[in-house]
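Here the structure is laid out as structure tokens; the discussion comes afterwards.
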Amino acid sequence: MPVADELTLSELLELLSHRRRRFVLGTLDETDGDVPMDSLAKRLAAWEESDSPADATPPAVEDVKLSLYHTHLPKLETAGLVTFDSRHVRYDVGEPTPTDLSLDGLLQEERELMLANCC
């Protein structure tokens, strides 16, 4: 998958198709782009359980943390949107964030590709 500034509309929509990835990107966007992994997992587990972070159950937090670490964060990292390790998740410095990407531009590119391939 290309880096963030080269994402196609389909690739961006695929990245945003899972609510956990949307939650991660939204959290990074509202916290200046750097979040401790434990805090992120706890907040996400609480959000999914409709509880406060203090009430998130340890098994739910661990499940979320494993899912983030092994599935969702690698997809976002491959796309050039985040970097992560076992302790922190952060926006990939120098790459545009999803909110920086022009949806109008992506839609126009997609339309041009569709028209070129169909007519």
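For region 1-57, enumerate the residues that are among the β-branched types (V, I, T) and either under 16 Å from L68 (Cβ atoms) or surrounded by fewer than 14 Cβ atoms within 10 Å (Cβ to Cβ) (or both). Those that are among the β-branched types (V, I, T) and either under 16 Å from L68 (Cβ atoms) or surrounded by fewer than 14 Cβ atoms within 10 Å (Cβ to Cβ) (or both): V24, T27, T31, V35, T57. Quick one: is D100 at pLDDT 85 or above and either more than 13 Å from the chain's Cα centre (by Cα) or in a loop (DSSP other than H, G, I, E, B) (or both)? No: the conditions fail for D100.
For region 46-60, the candidate set comprises residues that are charged (D, E, K, R) and not in a loop (DSSP other than H, G, I, E, B); within that set, the residue that is nearest to F84 (Cα to Cα) is E48. State which residue pairs qualify: first residue more than 12 Å from A79 (Cα to Cα) and inside region 7-28, second residue surrounded by fewer than 14 Cβ atoms within 10 Å (Cβ to Cβ) in any location, beta carbons under 6 Å apart, and separation of 6 or more residues or different chains. That search, which allows pairs on different chains as well, returns R22/L16. For region 18-45, a tally of residues being assigned to a loop (DSSP other than H, G, I, E, B) and either at pLDDT 95 or above or under 14 Å from L81 (Cβ atoms) (or both) returns 2.
The values are calculated or read from the model by the stated rules, or taken from the named source; none is laboratory data. Every value quoted in this text rests on a predicted model; they were computed, and no experiment measured them. Cβ atoms come from the backbone with ideal geometry, glycine included; neighbour counts cover every protein chain shown.
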